[in-house]
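Okay, structure first, notes after.
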Amino acid sequence: MTIDNWPKHIQKYLFLLKDGFFEFPYLFNSPQVMLDSIIRLPITDHIPSKQSIYLNTPLYEATMHYRKIEEGFWLLATEMDVRENIIAKSGYDKNESSEYYLLTFSVFEYKFPFKDSEDVKLISTCWTFSKPETEVATYFYKGTTGKFFSFAINKEWANSNLTSKKFPQKKAIKKFLNGEKGSYTWLDIAPKAHDLARKITKTLKTENVEEFDTVRFKKDCMKLIVEFFDNSFNDSRILDNVSLSNLDYYNVAKAEKMILHNLHLPFVGIKCIAKDVNTSPTKLKSDFKECFGFSMLQYHKEKNMLLAMQLIQNSDIHIQIVATVTGYDCAGRFASSFKKRFGKLPSEVRFLFTSNVFFLFYLTFNRFFSDFSLLF
């Protein structure tokens with residue numbers, strides 16, 4: 001595939017429906033090649049003066065803001081409203097060089113439906129680091145909205161900037177960067193990332209391109225990157241630096257999709273998932289852990305625990321129902337697993353959260369009453 005025959009490729013594959021997902025292909029040798037491949041799609045509206053691309057289709061609506069911060073360092077920030085299931089698939093132009101890493105921080109909101117109750121808004125957060133020439137498949141689910149911040153970094157820039165004193169693990173990072181192709185995913189590992197990402201979004205939306213303060217913007221972006229690397233050594237994947245084939249990464253993405261579709265049920269089993277993915281259980285088990293840092297069973301449990309925590313914090317749904325929704329047929333086992341993961345029982349979290357909400361309401365009411373009394 002090349003950028004020259006891209007229009008023909010798009011005619012065949014753009015929004016091709018396969019396994020319940022509409023395909024959205026793009027090229028990623030570099031940020032410029034990626035932008036060119038997206039701009040050439042018949043569904044895009046490109047406004048160079050704003051460094052923005054707009055896409056609006058019955059399947060999804062998206063806005064991408066891009067900035068070349070300096071040579072070898074770009075930010076591609078995208079907001080999406082997903083109306084149907086979509087799979088975004090990266091490819092490479094064989095005639096172009098490929099030396100860009102892609103570090104992405106994504107935050108997606110979705111509505112969790114309950115019978116006889118209002119839908120609960122929940123958040124799913126993750127980090128993904130992909131090396132050059134690694135083809136990545138990313139699934140986006142109907143009804144979700146979100147943002148992702150992708151830092152495109154070439155090898156020269158990375159070797160100059162990601163091995164400085166800001167990074168205590170600079171030797172390990174340098175070894176990791178110089179390894180072969182690879183794609184790795186972490187869940188919500190960086191607590192400060194959300195506030196930093198909001199600041200970056202505000203800058204992109206409020207500052208004109210002509211008046212853009214690139215130096216300050218780079219500092220904000222670097223803070224987000226530092227936040228990632230400060231928290232990404234909790235497992236050994238960067239140190240191990242294992243590379244897989246593009247087919248392996250695609251199979252792992254399909255396995256994750258199957259796990260997420262069955263979170264409300266007991267774990268379906270490695271053999272069942274491997275059969276659906278059409279690979280051996282042993283290989284899929286190993287590959288999945290290299291990509292996600294969890295075994296498939298652990299990943300299933302972790303996603304369910306994160307789901308349970310949000311349901312307890314963001315709704316008044318009974319804890320017994322939360323246990324059932326997250327795949328537990330016994331409230332006692334659910335409470336035990338929850339406490340092992342978070343250090344508190346579900347009932348303790350619900351009590352603390354309710355108390356905090358009441359306290360904030362009390363402070364707000366008191367402040368309002370005080371301000372109101374000053375008028376008389």
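The values are calculated or read from the model by the stated rules, or taken from the named source; none is laboratory data. Bear in mind that the values here come from a model prediction, so they are computed numbers and not experimental data. Positions of Cβ are backbone-derived with ideal geometry, glycine not excepted, and every protein chain shown enters the neighbour counts. Areas reflect the complete protein model, heavy atoms only, side chains present, ligands, DNA and RNA absent. Shrake-Rupley method; radii C 1.70, N 1.55, O 1.52, S 1.80 Å.
A few points about this structure:
- Computed from phi, the 3J(HN,Hα) profile of the range 185-202 under the Karplus parametrisation 6.51, -1.76, 1.60 (θ = phi - 60°) reads 10, 10, 7, 6, 9, 10, x, 7, 4, 5, 5, 5, 5, 5, 5, 5, 4, 4 Hz, with x in place of Gly and Pro.
- Excluding ligands, DNA and RNA, the accessible surface per residue across the range 108-194 is 52 Å² with a 1.4 Å probe.
- Based on Cα atoms of the range 242-347, Rg over Rh with Rh as the Kirkwood radius reads 1.04.
- Relative contact order (percent, whole number), the range 71-196, Cα cutoff 8 Å, 6+ residue spacing: 36 percent
- Point-to-point label distance, Ser160-His264, nm (Cα→Cβ direction, 7 Å offset): 5.2 nm
- In this structure the amide hydrogen of Gly91, modeled in the peptide plane, comes within under 5 Å of the amide hydrogens of Tyr26, Leu27, Phe28, none closer than 5 places in sequence on its chain.
- Taking θ as phi - 60° and the Karplus parameters 6.51, -1.76 and 1.60, the scalar couplings of the range 301-318 work out to 5, 5, 5, 5, 5, 5, 5, 4, 4, 5, 5, 6, 7, 9, 8, 9, 5, 4 Hz in sequence order, x denoting glycine and proline.
- Annotation: amide H of Thr144 within the under-5 Å range of Val82, sequence separation 5 or more or interchain, hydrogens built in the peptide plane.
- As a rough guide to protection, the peptides 38-51, 323-336, 203-216 ranked by mean Cβ packing within 10 Å, highest first, stand as 323-336, 38-51, 203-216.
- Two-site FRET efficiency, Ile43 against Ala331, from Cβ-Cβ distance with R₀ of 41 Å, rounded to 0.05: 0.30
- Antiparallel DSSP beta bridges within the chain, percent to nearest 5: 90 percent
- Once Rg and the Kirkwood radius are both taken over the C-alpha atoms of the range 175-255, their ratio Rg/Rh works out to 1.08.
- Evaluated at q = 0.16, 0.27 Å⁻¹, a Debye calculation over the C-alpha positions of the range 154-203 (equal weights, vacuum) places log10 I(q)/I(0) at -0.68, -1.02.
- Most mobile of Lys202, Lys171, Lys339 in a GNM of the chain (Cα contacts under 10 Å): Lys202
- Debye intensity ratio I(q)/I(0), log10, the range 105-247, q values 0.19 Å⁻¹ (C-alpha model): -1.28
- Of all accessible heavy-atom area on the chain, the percent that carbon and sulfur account for (1.4 Å): 55 percent
- Taking amide H as placed 1.01 Å from N in the peptide plane, the amide H of Lys121 sits under 5 Å from that of Phe112, each at least 5 places away or on another chain.
- The string of couplings for the range 157-170 from the Karplus curve (6.51, -1.76, 1.60, θ = phi - 60°) is 5, 4, 5, 8, 10, 9, 10, 8, 5, 5, 10, x, 9, 4 Hz, one whole number per residue in order, with x for Gly and Pro.
- The chain: relative contact order in percent, alpha carbon pairs under 8 Å with at least 6 residues between: 12 percent
- Structure-derived P(r) over Cα pairs in 20 Å bins from 0, in percent - corresponding label in (i) 31, 61, 8; (ii) 25, 56, 18, 1; (iii) 26, 60, 14, 0: (ii)
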